[in-house]
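**Q** Next up is a structure, given as C-alpha cells.
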Amino acid sequence: MKTQNETPTAPDVRDLRIDGQRLWDSLMQLAQVGATPKGGVCRLALTDLDRQGRDLFTRWAREAGCEVRVDAIGNIFARRRGRDNALPPVTTGSHIDTQPTGGKFDGNYGVLAGLEVVRALNDAGVVTEAPLEVAVWTNEEGSRFVPVMMGSGVFADAFTLEHALAQRDNDGVSVSDALAAIGYAGSAPASAAASPVGAYFEAHIEQGPVLEANERVIGVVEGALGQRWYDVVVQGMEAHAGPTPMELRKDALLPASELVIEVNRIALAHAPHARGTVGWIENYPNSRNVIPGRVRLSVDLRAADDVVLSAMDAALKEAVQRIAAKAKVEMTVEQVVYFPPQPFTPKLVSAVRDAAQAQGLTWMNVISGAGHDAVYLARVCPAAMIFVPCLDGISHNEIEDAQPEHLEAGCNILLQAMLQSAGVAAVSGVTA
Ligand code: HGY
Ligand code: MN
Ligand code: MN
C-alpha cells in the first residue's frame with residue numbers, strides 16, 4: 001500500500017483480502033432459514049422461508065451501506081456506490097432459493113460472497129470507480145416453478161415477465177400471487193435494458209467432482225451446458241388391478257417407465273458431456289390396487305453442443321411416439337425450458353484465472369454442468385463464474401458441504417476480479 005506522502009497512483013489493492021470467518025458465519029446464519037434435520041436447507045422459491053432469507057440479506061446489505069431495490073420479478077439488487085455512479089455496475093450474486101433437499105452453499109455462497117466483498121471494501125475504505133451490485137435472483141432452481149433461472153431469465157429477456165408471473169406450481173399457486181404474498185413484487189423494471197450491467201461475476205460451488213478429483217481450489221468456468229426441460233403426460237385409464245386382464249389394460253406407468261429408460265439411453269448415446277434425468281414423477285391415482293391412469297413426469301436434457309442437444313430432443317420425441325404407439329396410450333411432450341450452451345466472456349474468464357494465479361491458488365478450466373444465473377446474464381453483459389469444490393462433488397443433497405478455506409479463496413478471487421472490472425478510485429482516503 002502507498003504511504004501518505006507518495007504521489008497517489010492507482011491504489012494497489014492486490015493484497016486486499018476478505019474476512020473468511022465472517023463469510024462462513026453469514027453462510028451458517030442464513031442456513032438456519034429453512035434448516036433441515038439432516039443439515040441441509042429447504043427454502044423453496046417464493047415461500048415464507050424465501051421471504052425470511054431475503055429479509056435477512058436485505059438487512060445485512062443495508063447495514064453494509066447498500067441501497068436496495070427490488071424488481072418486478074422479485075430480483076433484489078444491493079448497490080454499493082462508486083465514485084462515478086453513472087457507470088453501469090459491476091454485479092455479482094446468485095440465488096437463495098433451494099431444492100427441497102438442498103444444501104447450505106448452492107446459490108447462498110454466491111450471494112453472501114458478494115456481500116462479503118462489499119463488507120471487505122468497506123473495512124478497507126475502498127472507493128471503486130463504478131458502483132457494485134449484489135443480486136439475489138428469483139427462483140433459480142426451477143423446482144417449485146419453471147422455468148429454471150426465472151428471475152435472471154426475465155432480466156435478460158429470455159422470456160417475458162408476464163410468462164414468468166403466470167406460471168403455477170403443482171398446487172396451482174401462481175408466481176404472481178406467491179411473489180405478492182412474500183412482499184417482493186418490486187417496482188424496479190426487471191430488465192437489463194432498463195438497468196444495464198457493466199460486468200457480472202458469480203461465485204458458486206462446483207456441484208460436481210472435477211475440482212476435488214484434480215485437487216484444484218478454483219474452477220475457471222469457461223461456459224455452461226445447454227439445457228432442454230420438458231413436461232410429459234402419459235394418459236392411460238385407471239382400472240381395477242384384479243379383474244382387468246393384462247391384455248386389456250391402459251396402464252400409464254408402463255410406457256412412462258419405458259420413457260425413463262429411454263431418457264437415460266439417449267444421454268449415454270451422446271456421451272461424454274450429455275446428461276438425461278427424470279427427476280419428478282406423479283403417478284395417478286397412486287393406489288396399490290388401481291392400474292395407473294395418468295403419469296406426469298419431467299425430462300431434463302443437457303449437452304455441451306447445441307447440435308447434440310437438438311439430436312437428443314429429436315431422439316426423445318421419437319421415443320415418445322414409438323412408446324405411445326406400442327402401449328396404445330396418449331403421450332404429450334411440452335418443452336418448458338431451453339437455453340443453448342453458454343460460453344462466458346474470455347476477458348472476464350482471464351481475470352478469474354489471473355487472480356487465482358496471482359494468489360498462488362491451484363486452478364483449472366471447467367465447464368459447468370449446472371445452469372446458473374450467469375448463463376442468462378452472459379446474454380446482456382460480459383460474464384464469468386468462479387467455482388470452488390464441494391465435498392465429494394455432492395449437491396442438491398442435504399449433505400452438501402464445502403471447506404471454509406475454499407469458500408474464502410473463491411471469494412478473494414471474486415473480490416479481485418470485481419475490482420479489476422470496476423476500477424479503484426481511492427483506498428482509505430488515498431485517491432487515484
Ligand atoms: O438445474 C440446474 O442446473 C440448476 O441447479 N438450476
Ligand atoms: Mn445454484
Ligand atoms: Mn441448484
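The values are calculated or read from the model by the stated rules, or taken from the named source; none is laboratory data. Since the model is a prediction, treat every value here as computed from it, not as a measurement. Cβ coordinates were reconstructed from backbone atoms using ideal geometry, including for glycine residues, and neighbour counts include every protein chain displayed.
**Q** Determine if region 95-103 includes at least one residue that is farther than 30 Å from Arg14 by Cβ, in the same structural domain as Pro389 (by TED's automatic domain parsing) and free of Cβ contacts under 8 Å to residues at least 60 places away in the same chain.
**A** For region 95-103, residues farther than 30 Å from Arg14 by Cβ, in the same structural domain as Pro389 (by TED's automatic domain parsing) and free of Cβ contacts under 8 Å to residues at least 60 places away in the same chain: present.
**Q** Can I ask one more? Answer yes or no: is there a residue in region 4-24 that is in the same structural domain as Met418 (by TED's automatic domain parsing), in contact with a Gly (Cβ under 6 Å, 6 or more places away or on another chain) and at pLDDT 95 or above.
**A** no
**Q** Here are Ile96, Ile76: which of them is closer than 21 Å to Ala384 by Cα and either under 13 Å from the mean Cα position of the chain (by Cα) or surrounded by fewer than 20 Cβ atoms within 10 Å (Cβ to Cβ) (or both)?
**A** Working: Ile76 fails: either under 13 Å from the mean Cα position of the chain (by Cα) or surrounded by fewer than 20 Cβ atoms within 10 Å (Cβ to Cβ) (or both).
None of the others qualify; the one that does is Ile96.
**Q** Let me ask another. For region 162-184, how many residues are touching a helix residue (DSSP H, G or I) at 6+ places or on another chain (Cβ under 8 Å) and in a loop (DSSP other than H, G, I, E, B)?
**A** 5
**Q** Does Asp300 qualify as being among the charged types (D, E, K, R) and more than 30 Å from Val13 (Cβ to Cβ)? Give the steps one after another, and end with the answer.
**A** On the way: among the charged types (D, E, K, R): yes; more than 30 Å from Val13 (Cβ to Cβ): yes.
Considered against the rule, which asks whether it is among the charged types (D, E, K, R) and more than 30 Å from Val13 (Cβ to Cβ), Asp300 comes out as yes.
**Q** Further question on the same structure: Of the numbered conditions (1) in contact (Cβ under 8 Å) with a residue 60 or more places away in the chain; (2) assigned to a loop (DSSP other than H, G, I, E, B), Arg43 fails exactly one; give the number of that condition.
**A** (1)
**Q** Right, something else. Residues to consider are Ala180, Ala192, Ala224, Ala239; find the one that is at pLDDT 95 or above, of a type outside the set (S, T, N, Q), more than 16 Å from ligand 2 (Cβ to nearest atom) and within 23 Å of Gly110 (Cβ to Cβ).
**A** That would be Ala192, the only listed residue that is at pLDDT 95 or above, of a type outside the set (S, T, N, Q), more than 16 Å from ligand 2 (Cβ to nearest atom) and within 23 Å of Gly110 (Cβ to Cβ).
**Q** Every residue in region 368-378 that is crowded, with 17+ Cβ neighbours inside 10 Å and within 14 Å of His204 (Cα to Cα), please.
**A** Ser368, Ala370, Gly371, His372, Asp373, Ala374, Val375
**Q** Would you point out the residue of region 110-147, among those that are hydroxyl-bearing (Ser, Thr, Tyr) and more than 11 Å from the chain's Cα centre (by Cα), that is nearest to ligand 2 (Cβ to nearest atom)?
**A** The qualifying residue nearest to ligand 2 (Cβ to nearest atom) is Ser143.
**Q** I need the full set of residues from region 338-367 which are in a strand (DSSP E or B) and surrounded by fewer than 20 Cβ atoms within 10 Å (Cβ to Cβ), in order please.
**A** Within region 338-367, Tyr338, Pro343, Met364, Asn365, Ile367 meet the criteria.
**Q** Right, another one. For region 256-278, does any single residue satisfy the condition of being assigned by TED's automatic domain parsing to the domain that holds Phe145 and without any contact (Cβ under 8 Å) to a residue 24 or more places away in the chain?
**A** No, that holds for no residue.
**Q** Give region 114-143 a look and list any residue that's in contact with a helix residue (DSSP H, G or I) (Cβ under 8 Å, 6 or more places away or on another chain), within 16 Å of ligand 3 (Cβ to nearest atom) and more than 15 Å from Ile76 (Cβ to Cβ), or say none.
**A** Result: Gly142, single match.
**Q** In this structure, is Asn289 surrounded by fewer than 17 Cβ atoms within 10 Å (Cβ to Cβ) and outside the structural domain of Ser143 (by TED's automatic domain parsing)?
**A** Against the criterion (surrounded by fewer than 17 Cβ atoms within 10 Å (Cβ to Cβ) and outside the structural domain of Ser143 (by TED's automatic domain parsing)), Asn289 qualifies.
**Q** May I pose another question? Show me the strands (runs of 3 or more DSSP E) entirely contained within region 83-161 in which 1 or more residues are over 21 Å from Pro189 (Cα atoms), modelled with pLDDT of 95 or more and of a type in the set (S, T, N, Q).
**A** In region 83-161, 126-128 are the strands (runs of 3 or more DSSP E) which contain 1 or more residues that are over 21 Å from Pro189 (Cα atoms), modelled with pLDDT of 95 or more and of a type in the set (S, T, N, Q).
**Q** Could I ask something else about it? From (1) at pLDDT 95 or above; (2) in contact with a strand residue (DSSP E or B) (Cβ under 6 Å, 6 or more places away or on another chain); (3) surrounded by fewer than 18 Cβ atoms within 10 Å (Cβ to Cβ), pick out the condition that doesn't hold for Ala31.
**A** Only one criterion is unmet by Ala31, namely (3).
**Q** Could you tell me whether region 237-258 includes any residue that is within 16 Å of Gln335 (Cα to Cα), in contact with a strand residue (DSSP E or B) (Cβ under 9 Å, 6 or more places away or on another chain) and crowded, with 21+ Cβ neighbours inside 10 Å?
**A** Taking region 237-258 and keeping what is within 16 Å of Gln335 (Cα to Cα), we get none.
No, every residue in region 237-258 fails to be within 16 Å of Gln335 (Cα to Cα), in contact with a strand residue (DSSP E or B) (Cβ under 9 Å, 6 or more places away or on another chain) and crowded, with 21+ Cβ neighbours inside 10 Å.
**Q** Those residues that are surrounded by fewer than 16 Cβ atoms within 10 Å (Cβ to Cβ) and charged (D, E, K, R), I need them from region 259-282; list them, please.
**A** Arg265, Glu282
Yes or no, residue by residue, for (1) in contact (Cβ under 8 Å) with a residue 24 or more places away in the chain; (2) within 16 Å of ligand 1 (Cβ to nearest atom):
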{"site": "Gln321", "(1), (2)": "no, no"}
{"site": "Glu334", "(1), (2)": "yes, no"}
{"site": "Pro343", "(1), (2)": "yes, no"}
{"site": "Ala358", "(1), (2)": "yes, no"}
{"site": "Ile367", "(1), (2)": "yes, yes"}
{"site": "Phe387", "(1), (2)": "yes, yes"}
{"site": "Asp392", "(1), (2)": "yes, no"}
{"site": "Glu400", "(1), (2)": "yes, yes"}
{"site": "Ala425", "(1), (2)": "yes, no"}
